[in-house]
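Following: one structure in structure tokens, then a few remarks.
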Amino acid sequence: MKDQGTEHGLSRRSLFRAGGGGLAAVAVVGLGETGASAQPGTAGAAEKAAPLGPLKAAGPHAAVERTPGFGVRGATGGPVRILPIDNAKFLAGSLFDLRVEASQVDPATAKIQISVEGEHGPEAILHNDPVRTSSAKDSLEVTYRQVTYPNPGSYTVRVKVTSGGKVSTAEVEHEVVSARHHGRKADNVIFFLGDGMGGAAITGARLLSKGMTQGKYRGLLEMDRMDARGIVGTSGADSIATDSANSMSAYMTGHKTSVNAMGVYESNEPDPNKHPRVETMAELLKRAAGMAIGVVTTAEIQDATPAAVWAHTRRRSEYLEIMDQVLDPARTPDVLMGGGLASLLPKSQKGSKRKDERDLVNEFRQKGFTVATNAKELASATAGKAPEKLLGQFHTGNLNVYLDRQQIRKPEVLGDWQDQPTLPAMTAAALKVLENKPNGFFLMVEGASIDKQEHPLDGPRALYDTIEFDQAIGVAKRWAEGRGDTLIVVTADHNHSMSIVGTHDRRKNQGRPANGIYGDAGFPTYTDGNGDGFPDDPNPEVGLFFGWSNHPDHTDGFTHNPVPVQPSLIDTASGNAVPNPQHQPGAELQQGNLPPHETNCVHTVDDVSIVASGPGSDNFNGFLDNTEVHFAVLEALGLEVPSNDGE
């Protein structure tokens, strides 16, 4: 392990050891007169489109940056903070960074004493020299990199800070578990994540795809027919309301973090990529079991959900850093498919968002990856013997949603990307690459645009993507049938505000008077003439009446939008959201209930469902905190982590 004792030009001489290769108790003196304070970073700006006259568009995640003075961090308060937080849970042998932050101290002379005690006395786990920093003029931080608890049990971390005659203390309790599994263990895990897929998305997809006669569905979705069913709580360390980075990180690490963060605990470190880390699913399974990793998404591969499989950052918008991290052999997936080509192309090429001339597509090729850039190339790459590694890059941004990509197919909407693969096709290709890996695999498949269409209040597009997601689950279920060695898990990262209220009957009227509720709702008239599982027309005479529990001011005629349209835009004069004149023009104004600057509907705090089949699926019954999903997957695998001496 790299010696980090001289980072930031700091001396090792002020560290006092307590003997042995690891430390159960240490005392760290401050930085001395040469210690330089770190410079504050700048918060990432939300992506914004070009101004439209006095109006401009704002991305659906513009609100994930915490408003200064509004939110509170997940700290308990006080002058001493310990990370990981109290009640954090670890797999024995997994790696994490231990960080102590002392405020209201003289960083040049303050002393931090750290002790770690297990059930049988002091534990010598603090290997190597710590990194010492001062993020503010009155703070001192100490960070030990790649610490591990070697054995299951309960551990207490105690800290004492002395500065100018003043003494402050803090302690946290950590739980460490094993992942022993009784009975048949899973060799492979296929983890399906429907981004923002609440109950309404599932219900609506079933209505559109299967239909209903006299109150009974004429068929069930693939996710309806699984062995186990539970519910998941999605809140994070800093807020009851989560985003995809925070919630997916909980699945991939077993640790709570903050909105906008993945693979780290939020600290006072100004650099978003140097916050204390916890080991991700990709890192852990590759290191401990030599398993192959696959990541498939309809979003940019750098987006919150796919990146959380491997990445560590406080700010989800750090796309270039996320790409640097994925090229680290310790976490590089064997299969990586989705959009996001803009972050791989040299800046001189069309569509690039890079600031340099690095060609990451070529760098992947040099690492042995076969590259596909459209559906035809993907089919060709997997037609015969599967490649050892596969990179699929099918759009500079997110893939277009199913309805636009496969059914409507307007050239002005698809642009240069006329031949994008479906999620079921990408799933099948990933399985062909991964199925012969000798140590098994972990494959994450995301239906990303369920969420991305709920944000702009586009119910039909969200439901078509839910159907596509469900059909990808069907691909995996058929692949796993009869094998007995594959766990399939299906869940969502958070809920959304969409609900199915009734029907909207265009034959009767327009706008609100056409919305049928209770007995007036009847049944929608979607048809599937070609039997592909998708309605032939997203806007039949009697369609679904979508309700939204939160939304900005916008106009709504309750009918399908022929092309994707944002419901609200930012008025540059006031900074507040106003109805987009291109969204259902002439329709009735719907008064918003969100903060005045928000242009899209936002996530909700409601629980989400989780279903599973295969070995270990009984771990997913009942209520689970989102962090417990991580440990349920590891238990199904029976993962045992080799001992790590910290060197």
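Kindly evaluate residue 252 against the criterion of being modelled with pLDDT of 95 or more, surrounded by 24 or more Cβ atoms within 10 Å (Cβ to Cβ) and in contact with a strand residue (DSSP E or B) (Cβ under 7 Å, 6 or more places away or on another chain). Considered against the rule, which asks whether it is modelled with pLDDT of 95 or more, surrounded by 24 or more Cβ atoms within 10 Å (Cβ to Cβ) and in contact with a strand residue (DSSP E or B) (Cβ under 7 Å, 6 or more places away or on another chain), residue 252 comes out as no. Looking across region 380-405, the residues that are open to solvent by less than 60 Å² (accessible area, probe 1.4 Å) and over 26 Å from the mean Cα position of the chain (by Cα) come down to 381, 382, 384, 386, 387.
Tallying residues that are over 15 Å from residue 340 (Cα atoms) and in contact with a Gly (Cβ under 7 Å, 6 or more places away or on another chain) within region 355-405 yields 3.
Scan region 134-146 for residues that are open to solvent by 20 Å² or more (accessible area, probe 1.4 Å) and touching an Asp or Glu at 6+ places or on another chain (Cβ under 9 Å) and jot them down. Step through it out loud before you land on a result.
If we filter region 134-146 for residues that are open to solvent by 20 Å² or more (accessible area, probe 1.4 Å), which is where we start, we get 135-138, 145-146.
Of everything in region 134-146, those that are open to solvent by 20 Å² or more (accessible area, probe 1.4 Å) and touching an Asp or Glu at 6+ places or on another chain (Cβ under 9 Å) turn out to be 135, 138, 145, 146.
The numbered conditions (1) open to solvent by less than 40 Å² (accessible area, probe 1.4 Å); (2) assigned to a loop (DSSP other than H, G, I, E, B); (3) among the hydrophobic types (A, V, I, L, M, F, W, C) are all true for residue 330 except (1). The condition of being under 25 Å from residue 631 (Cα atoms) and β-branched (Val, Ile, Thr) holds for only one of 450, 500, 488, 467, that being 488.
Filtering region 508-558 to residues that are open to solvent by 30 Å² or more (accessible area, probe 1.4 Å), of a type in the set (D, E, K, R) and not in a loop (DSSP other than H, G, I, E, B) leaves 512, 520.
Quick check, is residue 303 at pLDDT 95 or above and surrounded by fewer than 24 Cβ atoms within 10 Å (Cβ to Cβ)?
Working: at pLDDT 95 or above: yes; surrounded by fewer than 24 Cβ atoms within 10 Å (Cβ to Cβ): no.
For residue 303, the condition - at pLDDT 95 or above and surrounded by fewer than 24 Cβ atoms within 10 Å (Cβ to Cβ) - is not met.
Would you check which residues across region 207-222 are in a helix (DSSP H, G or I) and open to solvent by 30 Å² or more (accessible area, probe 1.4 Å) and list them? Across region 207-222, the qualifying residues are 210, 222. Mind listing whichever residues of region 255-274 are surrounded by 24 or more Cβ atoms within 10 Å (Cβ to Cβ), assigned to a loop (DSSP other than H, G, I, E, B) and without any contact (Cβ under 8 Å) to a residue 60 or more places away in the chain? Those that are surrounded by 24 or more Cβ atoms within 10 Å (Cβ to Cβ), assigned to a loop (DSSP other than H, G, I, E, B) and without any contact (Cβ under 8 Å) to a residue 60 or more places away in the chain: 257, 261, 263. Show the residue pairs meeting these rules: Cβ distance below 6 Å; 6+ apart or different chains; first residue within region 86-102 and under 14 Å from residue 630 (Cβ atoms) and at pLDDT 95 or above; second residue in a strand (DSSP E or B) and among the charged types (D, E, K, R). Note: pairs meeting the criteria are 89/175. The residue of region 150-164 that is surrounded by the most Cβ atoms within 10 Å (Cβ to Cβ), among those that are out of contact with any Ser or Thr (no Cβ under 7 Å at 6 or more places or on another chain) and not in a strand (DSSP E or B), is 151.
Can you work out which of the residues in region 559-580 that are part of a loop (DSSP other than H, G, I, E, B) and free of Cβ contacts under 8 Å to residues at least 40 places away in the same chain is farthest from the chain's Cα centre (by Cα)? Across region 559-580, the extreme among qualifying residues is 574. Of all the criteria given as (1) among the aromatic types (Phe, Trp, Tyr); (2) open to solvent by 20 Å² or more (accessible area, probe 1.4 Å); (3) within 23 Å of residue 91 (Cβ to Cβ), the one not satisfied by residue 310 is (2).
When region 464-481 is filtered for residues that are over 23 Å from the mean Cα position of the chain (by Cα) and of a type in the set (Asp, Glu), only 481 remains.
A residue that is open to solvent by 60 Å² or more (accessible area, probe 1.4 Å), part of a strand (DSSP E or B) and free of Cβ contacts under 8 Å to residues at least 40 places away in the same chain cannot be found anywhere in region 177-200. Output yes when any residue across region 412-427 is under 14 Å from residue 563 (Cα atoms) and assigned to a loop (DSSP other than H, G, I, E, B), and no when none is. Yes - at least one qualifying residue is present in region 412-427. In region 486-507, the residues that are under 30 Å from residue 634 (Cα atoms) and open to solvent by less than 10 Å² (accessible area, probe 1.4 Å) reach residues that are hydroxyl-bearing (Ser, Thr, Tyr) and part of a strand (DSSP E or B) with C-beta atoms within less than 6 angstrom, at least six apart or across chains, in these pairs: 488/613.
Keeping to region 119-133, report how many residues are buried (at least 19 other Cβ atoms within 10 Å of the Cβ) and touching a strand residue (DSSP E or B) at 6+ places or on another chain (Cβ under 6 Å). Steps first, please.
Our first condition is that a residue be buried (at least 19 other Cβ atoms within 10 Å of the Cβ); within region 119-133, this holds for 123, 125-133.
Imposing the further condition that a residue be touching a strand residue (DSSP E or B) at 6+ places or on another chain (Cβ under 6 Å) reduces the set to 123, 125-126, 129-133.
Within region 119-133, residues that are buried (at least 19 other Cβ atoms within 10 Å of the Cβ) and touching a strand residue (DSSP E or B) at 6+ places or on another chain (Cβ under 6 Å) number 8.
Among the candidates 237, 289, 241, the residue that is touching a Leu at 6+ places or on another chain (Cβ under 8 Å) and open to solvent by 10 Å² or more (accessible area, probe 1.4 Å) is uniquely 289. Taking region 336-371 as the range and being touching a residue at least 40 places away in the same chain (Cβ under 8 Å) and outside any loop (DSSP other than H, G, I, E, B) as the test, the residues that pass are 336, 337, 338, 339, 341, 342, 343.
Evaluation of residue 408 against the conditions (1) among the β-branched types (Val, Ile, Thr); (2) open to solvent by less than 10 Å² (accessible area, probe 1.4 Å); (3) over 20 Å from residue 206 (Cα atoms) shows that the sole unmet condition is (2). Filtered by the rule that a residue be more than 22 Å from residue 638 (Cα to Cα), touching a helix residue (DSSP H, G or I) at 6+ places or on another chain (Cβ under 8 Å) and of a type in the set (Gly, Ala, Ser), region 423-455 gives 425, 428, 429, 447, 448, 449.
Residues satisfying the criterion are present in region 465-472 (criterion: out of contact with any Asp or Glu (no Cβ under 6 Å at 6 or more places or on another chain), part of a helix (DSSP H, G or I), among the hydroxyl-bearing types (Ser, Thr, Tyr) and under 22 Å from residue 245 (Cα atoms)).
The values are calculated or read from the model by the stated rules, or taken from the named source; none is laboratory data. Being a predicted model, the structure only gives us computed values, none of them experimental. Reconstructed Cβ throughout: ideal geometry from the backbone, glycine too, with neighbour counts over all protein chains shown. Heavy atoms of the whole protein, side chains included, go into the accessibility calculation; ligands, DNA and RNA do not. Shrake-Rupley method; radii C 1.70, N 1.55, O 1.52, S 1.80 Å.
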